[in-house]
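Here is the structure we will look at.
The values are calculated or read from the model by the stated rules, or taken from the named source; none is laboratory data. What you see is a predicted model, and the numbers here were worked out from it, not measured in a lab. Positions of Cβ are backbone-derived with ideal geometry, glycine not excepted, and every protein chain shown enters the neighbour counts. Heavy atoms of the whole protein, side chains included, go into the accessibility calculation; ligands, DNA and RNA do not. Shrake-Rupley method; radii C 1.70, N 1.55, O 1.52, S 1.80 Å.
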Amino acid sequence: MRGRGSLQVSRSIPTEDEWSWGSTECPFFYLDINHAREKFIGKSIEEVLPYFFGAVLGAQEDISHMPPIPFRYYIFAFTRFLMSEDARSGYSRNSEAQDGASSFLQLVRNTLRDRPDFILPVMEDLLPTVEFVATHQDVYEADKDIYGSFLDLLKEIKNLLAAQNRWC
(Lines give C-alpha, C1' and ligand atoms only; values in the text may rest on other atoms or scores of the structure.)
Protein backbone atom coordinates (compact mmCIF):
# COMPACT_ATOMS: atom_id res chain seq x y z
CA MET A 1 0.00 0.00 0.00
CA ARG A 2 1.09 3.56 -0.62
CA GLY A 3 1.76 5.92 2.19
CA ARG A 4 -0.77 8.61 2.94
CA GLY A 5 -0.59 11.43 0.48
CA SER A 6 1.84 9.73 -1.90
CA LEU A 7 -0.77 9.24 -4.60
CA GLN A 8 -1.52 12.95 -4.79
CA VAL A 9 2.12 13.75 -5.50
CA SER A 10 2.91 10.87 -7.87
CA ARG A 11 -0.14 11.11 -10.16
CA SER A 12 -0.11 13.05 -13.40
CA ILE A 13 -2.97 14.67 -15.28
CA PRO A 14 -5.02 11.95 -17.01
CA THR A 15 -4.39 11.60 -20.73
CA GLU A 16 -6.99 11.67 -23.49
CA ASP A 17 -6.84 7.85 -23.67
CA GLU A 18 -7.50 7.59 -19.92
CA TRP A 19 -10.69 9.61 -20.37
CA SER A 20 -12.13 6.97 -22.69
CA TRP A 21 -14.85 4.67 -21.45
CA GLY A 22 -14.24 2.43 -24.44
CA SER A 23 -17.07 0.19 -25.53
CA THR A 24 -18.68 0.27 -22.07
CA GLU A 25 -19.64 3.95 -22.31
CA CYS A 26 -23.29 4.38 -21.45
CA PRO A 27 -25.21 6.61 -23.90
CA PHE A 28 -27.54 7.75 -21.07
CA PHE A 29 -24.66 9.63 -19.50
CA TYR A 30 -23.16 11.01 -22.71
CA LEU A 31 -23.96 14.64 -21.87
CA ASP A 32 -22.73 14.24 -18.29
CA ILE A 33 -19.49 12.63 -19.45
CA ASN A 34 -18.96 15.38 -22.02
CA HIS A 35 -19.54 18.07 -19.40
CA ALA A 36 -16.98 16.46 -17.09
CA ARG A 37 -14.47 16.24 -19.93
CA GLU A 38 -15.06 19.88 -20.86
CA LYS A 39 -14.49 21.08 -17.30
CA PHE A 40 -11.55 18.84 -16.34
CA ILE A 41 -9.66 17.24 -19.23
CA GLY A 42 -6.02 18.27 -19.45
CA LYS A 43 -6.22 20.37 -16.28
CA SER A 44 -4.22 20.07 -13.10
CA ILE A 45 -5.80 19.90 -9.67
CA GLU A 46 -4.86 23.54 -9.12
CA GLU A 47 -6.52 24.55 -12.39
CA VAL A 48 -9.87 22.95 -11.46
CA LEU A 49 -10.00 24.21 -7.87
CA PRO A 50 -11.88 27.42 -8.79
CA TYR A 51 -14.68 25.23 -10.16
CA PHE A 52 -15.14 23.68 -6.71
CA PHE A 53 -15.33 27.10 -5.07
CA GLY A 54 -17.96 28.27 -7.52
CA ALA A 55 -20.02 25.13 -8.19
CA VAL A 56 -19.04 22.31 -5.84
CA LEU A 57 -22.17 20.26 -6.53
CA GLY A 58 -21.51 20.46 -10.27
CA ALA A 59 -17.90 19.43 -9.69
CA GLN A 60 -19.02 16.49 -7.55
CA GLU A 61 -21.46 15.38 -10.22
CA ASP A 62 -18.80 15.65 -12.90
CA ILE A 63 -16.40 13.51 -10.88
CA SER A 64 -19.12 10.90 -10.42
CA HIS A 65 -19.38 10.54 -14.23
CA MET A 66 -15.66 10.19 -14.93
CA PRO A 67 -13.90 7.02 -16.05
CA PRO A 68 -11.75 5.37 -13.35
CA ILE A 69 -8.38 7.07 -13.90
CA PRO A 70 -9.69 10.64 -14.11
CA PHE A 71 -11.96 9.87 -11.13
CA ARG A 72 -8.95 8.73 -9.10
CA TYR A 73 -7.05 11.88 -10.00
CA TYR A 74 -9.71 14.59 -9.70
CA ILE A 75 -11.25 13.33 -6.47
CA PHE A 76 -8.11 14.80 -4.90
CA ALA A 77 -9.14 18.24 -6.16
CA PHE A 78 -12.20 17.67 -4.00
CA THR A 79 -10.03 16.86 -0.97
CA ARG A 80 -7.90 19.93 -1.66
CA PHE A 81 -11.05 22.07 -1.69
CA LEU A 82 -12.38 20.56 1.54
CA MET A 83 -9.09 20.94 3.38
CA SER A 84 -8.60 24.53 2.22
CA GLU A 85 -8.72 27.26 4.82
CA ASP A 86 -11.78 28.76 3.13
CA ALA A 87 -13.79 25.55 3.32
CA ARG A 88 -12.68 24.76 6.86
CA SER A 89 -13.63 28.25 8.02
CA GLY A 90 -17.23 27.77 6.93
CA TYR A 91 -16.88 29.30 3.47
CA SER A 92 -20.52 30.01 2.89
CA ARG A 93 -20.86 31.49 -0.59
CA ASN A 94 -23.78 29.51 -1.95
CA SER A 95 -23.24 26.95 0.85
CA GLU A 96 -20.14 25.60 -0.93
CA ALA A 97 -18.47 24.25 2.23
CA GLN A 98 -21.59 22.57 3.58
CA ASP A 99 -22.67 21.16 0.23
CA GLY A 100 -19.11 20.14 -0.59
CA ALA A 101 -18.54 18.27 2.66
CA SER A 102 -21.82 16.41 2.42
CA SER A 103 -21.55 15.60 -1.29
CA PHE A 104 -17.94 14.42 -0.91
CA LEU A 105 -18.90 11.89 1.77
CA GLN A 106 -21.86 10.76 -0.32
CA LEU A 107 -19.65 10.42 -3.40
CA VAL A 108 -17.20 8.25 -1.49
CA ARG A 109 -20.00 6.11 -0.04
CA ASN A 110 -21.84 5.74 -3.32
CA THR A 111 -18.70 4.90 -5.26
CA LEU A 112 -17.66 2.30 -2.67
CA ARG A 113 -21.12 0.78 -2.91
CA ASP A 114 -21.64 0.95 -6.68
CA ARG A 115 -18.15 0.97 -8.25
CA PRO A 116 -15.63 -0.09 -5.62
CA ASP A 117 -12.99 -0.79 -8.28
CA PHE A 118 -12.98 2.95 -9.07
CA ILE A 119 -12.17 4.10 -5.54
CA LEU A 120 -10.43 1.28 -3.66
CA PRO A 121 -7.04 1.95 -5.30
CA VAL A 122 -7.03 5.46 -3.78
CA MET A 123 -9.02 4.86 -0.62
CA GLU A 124 -6.02 4.80 1.69
CA ASP A 125 -5.11 8.30 0.51
CA LEU A 126 -8.72 9.51 0.72
CA LEU A 127 -9.44 8.14 4.17
CA PRO A 128 -7.76 10.94 6.18
CA THR A 129 -9.94 13.54 4.45
CA VAL A 130 -13.04 11.36 4.78
CA GLU A 131 -12.42 10.99 8.51
CA PHE A 132 -11.62 14.69 9.00
CA VAL A 133 -14.75 15.87 7.19
CA ALA A 134 -16.97 13.34 8.95
CA THR A 135 -15.67 14.20 12.41
CA HIS A 136 -15.72 17.96 11.85
CA GLN A 137 -19.24 18.57 10.56
CA ASP A 138 -19.39 21.73 12.67
CA VAL A 139 -16.28 23.13 10.96
CA TYR A 140 -18.16 23.01 7.65
CA GLU A 141 -21.24 24.54 9.30
CA ALA A 142 -23.34 21.69 7.91
CA ASP A 143 -26.55 21.55 9.94
CA LYS A 144 -27.48 17.97 10.79
CA ASP A 145 -31.16 18.76 10.20
CA ILE A 146 -30.32 19.63 6.60
CA TYR A 147 -27.31 17.42 5.78
CA GLY A 148 -27.83 14.50 8.14
CA SER A 149 -25.06 13.10 10.30
CA PHE A 150 -21.61 12.97 8.76
CA LEU A 151 -20.68 10.39 11.40
CA ASP A 152 -23.45 8.15 10.07
CA LEU A 153 -21.97 8.49 6.57
CA LEU A 154 -18.53 7.64 7.96
CA LYS A 155 -19.99 4.52 9.56
CA GLU A 156 -21.51 3.49 6.22
CA ILE A 157 -18.18 4.10 4.47
CA LYS A 158 -16.28 2.03 7.02
CA ASN A 159 -18.85 -0.76 6.77
CA LEU A 160 -18.44 -0.81 3.00
CA LEU A 161 -14.66 -0.91 3.40
CA ALA A 162 -14.94 -3.74 5.89
CA ALA A 163 -17.15 -5.63 3.44
CA GLN A 164 -14.34 -5.27 0.89
CA ASN A 165 -11.95 -6.71 3.50
CA ARG A 166 -9.92 -3.50 3.33
CA TRP A 167 -10.27 -1.60 6.57
CA CYS A 168 -12.44 -1.71 9.66
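One table, with the values for the structure above:
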{"item": "Rg/Rg_globular for the range 56-122, with Rg_globular taken as 2.2 N^0.38 Å and Rg from C-alpha atoms", "result": "1.09"}
{"item": "Solvent-accessible surface (1.4 angstrom probe) belonging to Phe81, in square angstrom, nearest 10", "result": "0"}
{"item": "Added length on full extension, which subtracts the Cα-Cα distance from 0.36 nm per residue, Ile13 to Val139", "result": "42.3 nm"}
{"item": "Label-zone membership for the range 51-71, site Asp86, 7 angstrom Cα→C-beta point, backbone N under 16 Å", "result": "51-60"}
{"item": "Cut-off 12 Å (backbone N to label point 7 Å along Cα→Cβ of Asn165), residues of the range 101-123", "result": "none"}
{"item": "Alpha-carbon gyration tensor eigenvalues x 5, square-rooted, for the range 79-166, Å", "result": "23, 13, 10"}
